[in-house]
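S.K.: If you scroll down you'll find the structure; I have some questions about it.
The values are calculated or read from the model by the stated rules, or taken from the named source; none is laboratory data. As the structure is a prediction and not an experimental result, all values here were calculated from the model. Glycine gets a Cβ as well: all are built from the backbone with ideal geometry, and neighbour counts include every protein chain shown.
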Amino acid sequence: MNEPLVSIITPVYNAEKFLEDTIKSIIKQSYENWELILVDDCSKDSSSDIIKEYKKNDDRIKYIKLEKNSGASISRNTGIKNAKGRFIAFVDSDDLWEETKLEKQVEYMLKNDIGFSFTSYRYMRENGEKTNKVAKAPFKIDYEGLLKNTIIGCSTVLIDRNIVGDFEMPIVKRGQDTATWLKILRSEKYAYGIEEALVNYRIVGNSLSSNKMKALKRTWNTYRNVEGL
């Protein structure tokens with residue numbers, strides 16, 4: 001299979017606790033033609049040292065440090081601007097990918113001429129232990145469907161710029177990822193889901209229910225202030 005370059009973008013802010021596991025899960029990918037762009041949003045911990053250590057041994061790892069703390073939207077947009085890949089993927093600095101994540105997703109998209117796909121994801125405890133709880137990706141979702149069900153996890157997304165074109169995230173404090181998917185779905189008819197859980201989403205600190213409350217506030221903000229609903 002022809003392997004187009006995938007640019008993986010990770011915003012990093014004080015991520016020393018889990019960052020190494022995230023980087024390792026990218027290095028272990030069965031699909032090897034990727035670059036990992038880690039954008040350091042002025043971390044005060046040892047995140048930059050961890051990145052530089054891995055960068056020494058793998059030139060697919062890129063390090064960008066922002067001049068001032070700017071938030072996840074600007075971090076991700078900086079990554080997108082510096083990305084050389086045909087495909088853009090995102091992974092948060094505490095999430096983990098299954099080894100076949102990129103291989104299966106790229107193959108699926110190339111075979112079916114798809115511009116925007118996402119996968120199911122499994123919830124994982126803070127210590128990295130996988131739970132039985134899975135957020136299942138539907139076969140496909142459109143703009144209206146995403147308004148009703150914000151099922152697309154940021155760390156699961158893969159976008160083909162040859163089909164979707166260039167894009168960036170709106171500069172909002174929360175929910176910039178969902179706002180981006182909605183924006184793309186105004187021109188792309190569907191985002192296509194892969195049923196297999198190829199990403200492990202870490203629940204840090206708080207319980208799932210308090211995370212749900214934060215997610216609801218984030219979604220309301222996106223609909224009201226970004227989509228103008």
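S.K.: Suppose we filter Y223, Y192 for residues that are modelled with pLDDT of 90 or more and among the aromatic types (F, W, Y); which single one remains?
M.R.: Y192
S.K.: Now a separate question. Please specify each residue of segment 63-97 satisfying the condition of being surrounded by 20 or more Cβ atoms within 10 Å (Cβ to Cβ) and of a type in the set (D, E, K, R).
M.R.: Within segment 63-97, R76, D92, D94, D95 qualify.
S.K.: Also, quick follow-up: What about E98, is it modelled with pLDDT under 95 and of a type outside the set (G, A, S)? First the steps, then the outcome.
M.R.: Values: modelled with pLDDT under 95: no; of a type outside the set (G, A, S): yes.
So E98 does not fit the description; no.
S.K.: Scan P170, P138 and give me the residue that is at pLDDT 95 or above and not in a strand (DSSP E or B). First the steps, then the outcome.
M.R.: Working: P170 fails: at pLDDT 95 or above.
That would be P138, the only listed residue that is at pLDDT 95 or above and not in a strand (DSSP E or B).
S.K.: In the list N112, N77, N82, which residue meets the criterion of being among the polar types (S, T, N, Q), touching a residue at least 40 places away in the same chain (Cβ under 8 Å) and touching an Asp or Glu at 6+ places or on another chain (Cβ under 6 Å)? Walk me through how you get there before you give the answer.
M.R.: Values: N112 fails: touching an Asp or Glu at 6+ places or on another chain (Cβ under 6 Å); N82 fails: touching an Asp or Glu at 6+ places or on another chain (Cβ under 6 Å).
Going through N112, N77, N82 in turn, the sole match is N77.
S.K.: Continuing with the same structure: Can you tell me how many residues in segment 145-167 are among the aliphatic types (A, V, I, L, M), in a helix (DSSP H, G or I) and under 23 Å from K84 (Cα atoms)? Walk me through how you get there before you give the answer.
M.R.: Taking segment 145-167 as the starting set, the residues that turn out to be among the aliphatic types (A, V, I, L, M) are 146-147, 151-152, 157-159, 163-164.
Filter again for in a helix (DSSP H, G or I), leaving 146-147, 163-164.
Restricting the remaining residues to those that are under 23 Å from K84 (Cα atoms) gives 163-164.
Number of matching residues: 2.
S.K.: Of all residues in segment 111-143, count the ones that are of a type in the set (A, V, I, L, M) and surrounded by fewer than 19 Cβ atoms within 10 Å (Cβ to Cβ).
M.R.: The initial filter retains those residues of segment 111-143 that are of a type in the set (A, V, I, L, M), namely 114, 124, 134-135, 137, 141.
Now drop any that are not surrounded by fewer than 19 Cβ atoms within 10 Å (Cβ to Cβ), which leaves 134-135.
Qualifying residue count, segment 111-143: 2.
S.K.: Looking only at segment 173-187, how many residues end up being part of a loop (DSSP other than H, G, I, E, B) and either small (G, A, S) or without any contact (Cβ under 8 Å) to a residue 24 or more places away in the chain (or both)? Write out each step before concluding.
M.R.: Initial filter on segment 173-187 (part of a loop (DSSP other than H, G, I, E, B)): 173-175, 186-187.
Then keep just the ones that are either small (G, A, S) or without any contact (Cβ under 8 Å) to a residue 24 or more places away in the chain (or both); that gives 175, 187.
Result for segment 173-187: 2.
S.K.: How about segment 167-203: which of its residues are acidic (D, E), under 17 Å from I8 (Cβ atoms) and surrounded by fewer than 19 Cβ atoms within 10 Å (Cβ to Cβ)? Before you say what the answer is, go through the steps one by one.
M.R.: If we filter segment 167-203 for residues that are acidic (D, E), which is where we start, we get 168, 177, 188, 195-196.
Now narrow it down to the ones that are under 17 Å from I8 (Cβ atoms): 168, 177.
The one that is acidic (D, E), under 17 Å from I8 (Cβ atoms) and surrounded by fewer than 19 Cβ atoms within 10 Å (Cβ to Cβ): E168.
S.K.: Against the definition (closer than 25 Å to V172 by Cβ, touching a helix residue (DSSP H, G or I) at 6+ places or on another chain (Cβ under 8 Å) and charged (D, E, K, R)), how does K65 come out, yes or no? Let's see the steps before the verdict.
M.R.: On the way: closer than 25 Å to V172 by Cβ: yes; touching a helix residue (DSSP H, G or I) at 6+ places or on another chain (Cβ under 8 Å): yes; charged (D, E, K, R): yes.
Answer is yes for this residue.
S.K.: If you don't mind, another one. In this structure, does Y108 turn out to be part of a strand (DSSP E or B) and surrounded by fewer than 19 Cβ atoms within 10 Å (Cβ to Cβ)? Walk me through it before giving the result.
M.R.: Numbers: part of a strand (DSSP E or B): no; surrounded by fewer than 19 Cβ atoms within 10 Å (Cβ to Cβ): yes.
No, not satisfied.
S.K.: How many residues does segment 32-57 contain that are more than 15 Å from S7 (Cβ to Cβ), surrounded by fewer than 18 Cβ atoms within 10 Å (Cβ to Cβ) and among the acidic types (D, E)?
M.R.: Matching residues across segment 32-57 total 3.
S.K.: Let me ask another. Could you tell me which numbered condition G175 fails, if it satisfies all but one of (1) within 22 Å of P138 (Cα to Cα); (2) modelled with pLDDT of 85 or more; (3) of a type outside the set (A, V, I, L, M, F, W, C)?
M.R.: Condition not satisfied by G175: (2).
S.K.: Here are some residues: L102, L146. Which one is among the aliphatic types (A, V, I, L, M), surrounded by 15 or more Cβ atoms within 10 Å (Cβ to Cβ), in contact (Cβ under 8 Å) with a residue 60 or more places away in the chain and closer than 24 Å to F167 by Cα?
M.R.: Numbers: L146 fails: in contact (Cβ under 8 Å) with a residue 60 or more places away in the chain.
Of the residues listed, the single one that is among the aliphatic types (A, V, I, L, M), surrounded by 15 or more Cβ atoms within 10 Å (Cβ to Cβ), in contact (Cβ under 8 Å) with a residue 60 or more places away in the chain and closer than 24 Å to F167 by Cα is L102.
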